[in-house]
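The values are calculated or read from the model by the stated rules, or taken from the named source; none is laboratory data. This is a predicted model, so every value here is computed, not measured. Every residue, glycine among them, receives a Cβ derived from its backbone with ideal geometry; neighbour counts consider all protein chains shown. All accessible areas refer to the heavy atoms of the entire protein, side chains included, with ligands and DNA or RNA removed. Shrake-Rupley method; radii C 1.70, N 1.55, O 1.52, S 1.80 Å.
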Amino acid sequence: MDRQSLTNALKQAAHRLGFELAGVCDAVAPPGLDRFRQWLACGYAGEMQYMADRAEAYEHPRHVLDGVRSLLLLAVNYHTADPTQTQAGEGRVSRYAWGRDYHELVRKRLHRLADFHRQLAPQAGVRGVVDTAPLLEREFAQLAGLGWIGKNTLLLNRQLGSWLFLAALLTTEPLVPDPAHDANFCGDCRACLDACPTGALTEAYRLDARRCISCLTIELRGHAPPDWRSQAGDWLFGCDLCQEVCPWNHRAPVTLETSFRPVADANPLDLIPLFALDDNAFRERFRHTPLWRPKRRGLLRNAAIILGNRPHPAALPALSTGLNDAEPLVRSACAWALGRSADREAAEALRGRLPLEPDAEVRAEIEQALHTLGSG
C-alpha cells in the first residue's frame with residue numbers, strides 16, 4: 001500500500017472509531033521544545049516532577065517508538081452538559097472527569113486502530129499513546145493541522161473548541177503529512193487570562209502549574225498552600241474556568257459519546273458523604289474514573305478546603321470525622337476548615353483533637369485554627 005492510501009485508510013478508520021479529528025505530521029523534534037525547556041527551568045511544572053525527570057525523552061518521538069517516521073494525531077470531543085451551579089456542601093468537578101476515565105476508552109480505540117494498521121502494513125512498528133508518554137501532544141497536534149495552541153496553553157480547534165482529549169498513533173511507516181496549523185485565532189482576547197483566579201496564566205501561552213487550581217487539586221500530594229486555599233473556591237477536582245470563558249468554546253458541539261456524560265453525583269459532587277468512605281469504599285466508587293488520581297487523601301483534602309471556603313453547619317460532623325482520619329493530610333485540611341467556622345462545635349472538635357494529635361504539622365494547623373476562632 002502506498003503512503004497516501006495508507007494515510008487515507010488510517011484516517012478513515014480513526015473516524016469510524018470515534019476520533020473527531022485526525023491529522024498527520026512527520027516524526028521530528030517538537031517545534032516548542034525550547035519553550036518547554038524554559039518552562040521546566042522556571043519550575044513551572046510544579047508537582048509534575050516526572051516531566052523534568054523525562055525531559056530528554058521529550059526531545060524527539062523516537063524516545064517513544066524507536067524508528068518512528070510519522071505521527072497520526074487524534075482528538076476526541078468530550079463536551080457534554082453544562083455545569084450545574086453548586087450549593088453549600090457541593091464541589092465542582094472538571095468536565096473531563098464527569099464520566100468514565102478517558103484513558104480507558106481512548107486506549108481501546110487506539111489498540112483497535114493499531115491492529116488495523118498492522119493488518120495493512122504487517123512490517124510496521126506501531127504504538128498508541130494517550131497522555132502518559134513523554135510526547136508534547138499539543139505541539140504535534142498543531143503540526144498535524146488539528147488546531148492552534150491558545151493563550152490558555154490548550155489546543156483550540158475552530159469547530160470543536162478546546163474540549164478535546166488528544167492521542168497519537170506513532171508508526172515506523174511514512175505517512176503523508178498534513179499542513180501545519182500556522183494561524184492563531186486568539187487575537188487580542190484576554191478572557192482566559194483574566195478569568196484565572198490564581199494568576200496561574202502568568203502571561204499569554206504560559207502556565208505556572210504551581211498556581212493552577214487544576215494542577216493543585218489533582219497533582220499535589222502534600223498540604224495545600226495556605227495562600228491558595230481560599231482561591232480554590234468550590235473546585236474539588238480540576239478547573240475549567242479558562243475554557244468556560246473562551247469564545248471558541250461557546251459554539252462547541254455536544255459529543256455523542258455517552259461515556260463522557262456526567263455520572264450520578266458528578267455535576268456537582270456532594271462532599272459530605274466522602275468523609276464516610278474508607279479506602280475500599282473509595283476504590284469501589286472512583287477506581288475507573290479520573291477522580292482516582294489524587295487518591296482518597298487528596299480528594300478529601302480538597303473537599304475540606306471547599307467546606308472551609310463555604311462553611312455551613314451541616315458540614316461540621318463530616319469535618320470532625322475528617323479531623324480524626326488516619327491520614328495527616330486529611331486531618332490538616334479539616335482543621336483549617338473548622339477554623340473557618342463560627343460554630344462552637346468546631347472549636348470543641350479542635351480542642352478535643354489537639355492533645356491526641358501526633359503530627360507536628362497537623363498540630364500547628366489545629367493551633368492556628370483555634371487562634372483564628374478565638375480572634376473571631
From (1) open to solvent by less than 10 Å² (accessible area, probe 1.4 Å); (2) free of Cβ contacts under 8 Å to residues at least 40 places away in the same chain, pick out the condition that doesn't hold for Asp82. (1)
Please go through segment 26-74 and pick out each residue that is open to solvent by less than 30 Å² (accessible area, probe 1.4 Å), of a type in the set (Ser, Thr, Tyr) and touching an Asp or Glu at 6+ places or on another chain (Cβ under 9 Å). Ser70
Residue match in segment 194-205 (condition: in contact (Cβ under 8 Å) with a residue 40 or more places away in the chain and closer than 29 Å to Ser70 by Cα): yes
Take the conditions of a type in the set (S, T, N, Q), closer than 27 Å to Asp265 by Cα, open to solvent by less than 30 Å² (accessible area, probe 1.4 Å) and at pLDDT 95 or above and apply them to Asn152. Does it pass? no
When you go through Arg112, Arg118 one by one, which is the residue that is open to solvent by 50 Å² or more (accessible area, probe 1.4 Å), in contact with a strand residue (DSSP E or B) (Cβ under 9 Å, 6 or more places away or on another chain) and either under 16 Å from Phe237 (Cβ atoms) or basic (Lys, Arg) (or both)? Arg118
Out of Arg340, Arg301, Arg293, Arg297, which single residue is touching a Pro at 6+ places or on another chain (Cβ under 7 Å), within 27 Å of Gln85 (Cα to Cα) and either surrounded by fewer than 16 Cβ atoms within 10 Å (Cβ to Cβ) or charged (D, E, K, R) (or both)? Arg340
Which of the residues that make up segment 304-315 are in a helix (DSSP H, G or I) and open to solvent by 10 Å² or more (accessible area, probe 1.4 Å)? Asn309, Pro313, Ala314
Only one of (1) more than 18 Å from the chain's Cα centre (by Cα); (2) buried (at least 16 other Cβ atoms within 10 Å of the Cβ); (3) not in a loop (DSSP other than H, G, I, E, B) is not met by Thr202, so which one is it? (2)
Select from segment 227-282 the residues that are among the charged types (D, E, K, R), assigned to a loop (DSSP other than H, G, I, E, B) and open to solvent by 20 Å² or more (accessible area, probe 1.4 Å) and list them in ascending order. Asp234, Arg251, Glu257, Arg261, Asp265, Asp278
By residue number, the members of segment 121-148 that are in a strand (DSSP E or B) and open to solvent by 10 Å² or more (accessible area, probe 1.4 Å) are Val126, Arg127, Gly128
